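In what follows, a single structure is set out as structure tokens and then discussed.
The values are calculated or read from the model by the stated rules, or taken from the named source; none is laboratory data. Everything numeric here is computed off the predicted structure, so don't read it as measured data. Cβ placement follows ideal geometry from the backbone for every residue including glycine, while neighbour counts extend to all protein chains displayed. These accessible areas exclude ligands, DNA and RNA; they are computed on the full protein's heavy atoms, side chains included. Shrake-Rupley method; radii C 1.70, N 1.55, O 1.52, S 1.80 Å.
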Amino acid sequence: MGNPGLIDGKSRKIIGLHPNVFFMGLTSLLTDISSELIFTLIPLLLSNVLGATSTMIGVVGGISESADSFFRIASGWISDKIGKRKLLAGLGYSFSTMVKPFMLLANSWGAVAGIRFGDRVGKGVRTASRDALIADSVGAKERGRAFGLHRAMDSSGAVIGLIIAAIIIYLIPGDKFHLDIHAYRWMVIIGVIPAVLAVLILMTMVHEIKKTAISESKTGVSTPAKTTPFSLQFKLFLVIMALFTLGNSSDFFLILDAQHVQTPLLQVVLMLVLFNIVYALVSMPTGILSDKLGRKRLIILGWFIYGLVYLGFAVAGSQWQIWLLFAVYGVYYGICEGVAKAFVADLVPIERRGTAYGLYNGIIGIMALPASLIAGILWDKVNPSATFYFGAGLALLAMLGMMLFIKGRRVF
């Protein structure tokens, strides 16, 4: 039998999972090809071409991560109410696709921030609904594997996108250490194509999953699904995630740090390729491992690795050290991104998953703006190392919170 929340538990599987998981992964793969081409080098566009300060870059990075927070929360709640997760995901992917071409016209840091805001609104609309749809499509014992596969495909798209970016940089002559505006515009033009394909895949190959309208209480009496409360464990997990995210500033600062040690632009892009290859390779094995060993220990391990990486960026002074740190940073992402989302499904009732993912993603988004603003101020007013020491310190506090307040058992 399939998961009780599914109507098609016997659907023909792809890579051992419901077809929705694979096609949502393919949608994310194509979207990430597009996003990596268009948005990953924004800090260098701002710094090298538009003359923005680190604080301005921090603001743009924070907006990039937090602008969608309200939409994540709202879309998750709406998807629970109307049961149309695919519809909301499709709207979100479509809106992001429509705003991306406007990067061809961006000529100030404010314009970049505005376009990035529009892209993230689309991400906010789609994210919670997409995550809930993936969780709805598999049983409890497959959650880690499902989210691991999704993250692996997503980061594989990033690898492809960055390789294309590297080829463009190589083929178009320019400054060895700085981003050339002509190269960047070609990245935007090419990047729009996979974004359009992603929307087409989602709309034609992904299907809604109907959920049960009621849940059974321990006494066997049917009760309305909407009365099921969130557990204290889920609420505590959100608080701890907020603490961790306050120190998890935009990855823009890692790119700036790579340039800070005089790394050629092509090498910066290849460092990001390495990061995403490691991310992709680690995601699915750790997702499967979390199904067997539990999520809590893996999240704590991932945050420990994150803290070490940020300490490394604080003291790194040579290119080989930056290469190593980007690789290890991929291990952190591979461990935590999918496992944490599977953990959310463990902690909440099936009929409230959309709302739960909206809150989870929304909290992360809300905290991202102050995180990146603090990082930018520390970078400008103190020194670049202070940005990374701050992040490492909050990762340590979040680890302690997980160990002291979060149980490792499954609640739902």
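Can you pull the one-decimal nm distance between simple spin-label points at ARG297 and SER231, each 7 Å off the Cα toward Cβ?
In this crude label model, ARG297 to SER231 measures out at 1.8 nm.
How high is the relative contact order of the chain? Use alpha-carbon pairs under 8 Å, at least six apart in sequence, and give a whole percent. Working shown, then result.
Details: 780 pairs, mean separation 121.3, N = 412.
This gives 29 percent for the chain.
Compute the signed sum of charges (Lys and Arg +1, Asp and Glu -1) over the other residues within less than 11 Å, Cβ to Cβ, of MET402. Write down the numbers at each step before the final one.
Values: positive: ARG295, LYS296, ARG297, LYS407; negative: none.
With Lys, Arg at +1 and Asp, Glu at -1, the neighbours total +4.
For a quick check of your reading of the filter: which trypsin sites (Lys or Arg not before Pro) in segment 302-372 sit in a DSSP loop and have no more than 13 other Cβ atoms within 10 Å?
Working: sites: LYS341, ARG352, ARG353; in loops: none.
Qualifying residues, ordered by number: none.
Would you calculate the volume per residue, in Å³, of the smallest convex hull containing every Cα atom of segment 24-121?
87 Å³
Can you grab the distance from the C-alpha centre of segment 331-366 to the C-alpha centre of segment 127-161, Å, no decimals?
11 Å
Which value, in Å² and to the nearest 10, is the accessible area of HIS182 when all protein chains are kept and the probe is 1.4 Å?
110 Å²
Over 28 Å between Cα atoms: which of LYS13/LYS292; LYS141/LYS235; LYS123/LYS176; LYS84/LYS141; LYS84/LYS235 fall into that group?
Working: LYS13/LYS292 21 Å; LYS141/LYS235 23 Å; LYS123/LYS176 33 Å; LYS84/LYS141 24 Å; LYS84/LYS235 25 Å.
LYS123/LYS176, as the Cα separations exceed 28 Å there.
Can you work out the Karplus-derived ³J(HN,Hα) for every residue in segment 336-348? Use 6.51 cos²θ - 1.76 cosθ + 1.60 with θ = phi - 60°, whole Hz, and x for glycine or proline.
8, 4, x, 5, 5, 5, 5, 5, 4, 5, 5, 9, 10
Any chance you could give the angle, 0 to 90 degrees and rounded to 10, that helix 181-205 forms with the longest Cα principal axis of the chain?
With both axes taken from Cα atoms, the answer is about 10 degrees.
Where does helix 143-171 land angle-wise versus the long Cα axis of the chain, in degrees 0 to 90, nearest 10?
20 degrees
Taking all protein chains together and a probe of 1.4 Å, list ILE350, ILE377 from the most accessible to the least accessible.
Putting ILE350, ILE377 in descending order of accessible area: ILE377, ILE350.
Gain in length, LEU324 to LEU200, computed as 0.36 nm per residue apart minus the alpha-carbon separation, to one decimal in nm?
Details: separation 124, 0.36 × 124 = 44.64 nm, distance 3.76 nm.
Going from the current span to full extension adds 40.9 nm.
222 nm [θ] for the chain, helices only, -39500 (n - 2.57) per DSSP H run of 4+, per residue, to 500? Please report the intermediate quantities before stating the final value.
Details: 14 runs with 294 residues, N = 412.
It lands at -24500 deg cm²/dmol.
Go through PHE304, ALA327, VAL315 and say which Cα lies farthest out towards the positive end of the charge dipole of segment 294-368; charges sit on Cβ, +1 for Lys and Arg, -1 for Asp and Glu.
PHE304
For PHE177, what residues show an amide H to amide H distance below 5 Å, using hydrogens built from the backbone and excluding near sequence neighbours?
Close amide H contacts, sequence-distant or interchain: LEU265.
Normalized C-alpha radius of gyration of segment 290-383, against 2.2 N^0.38 Å? Intermediate results must be reported in sequence, preceding the final value.
Numbers: Rg = 16.3 Å, N = 94, 2.2 N^0.38 = 12.4 Å.
For segment 290-383, the normalised Cα radius of gyration is 1.32.
Modelling each spin label as a point 7 Å along the Cα-to-Cβ direction, I'd like the ILE172/ALA111 distance in nm, to one decimal.
Taking the simple label geometry, ILE172 and ALA111 are separated by 1.5 nm.
Just to check, using Stokes-Einstein with a Kirkwood Rh over alpha carbon pairs, what's the diffusion coefficient of segment 333-412 at 37 °C and 0.692 mPa s in µm²/s?
Numbers: Rh = 14.7 Å.
Translational D for this selection: 223 µm²/s.
How big is segment 292-344 by the Kirkwood estimate over distinct Cα pairs, in Å? Don't jump to the answer; show the numbers that get you there.
Details: mean 1/r = 0.0858 Å⁻¹.
Value: 11.7 Å, from the Cα pair sum.
Which one is right for this structure if Rg and Dmax of the Cα atoms in Å is calculated from it: [x] 20.5, 71; [y] 20.9, 67; [z] 21.7, 72?
Among [x] 20.5, 71; [y] 20.9, 67; [z] 21.7, 72, the one calculated here is [x].
I'd like the distance between the alpha-carbon centres of segment 17-53 and segment 368-387, rounded to an integer number of Å.
Spelled out, the Cα-based centre of one part sits 23 Å from the other.
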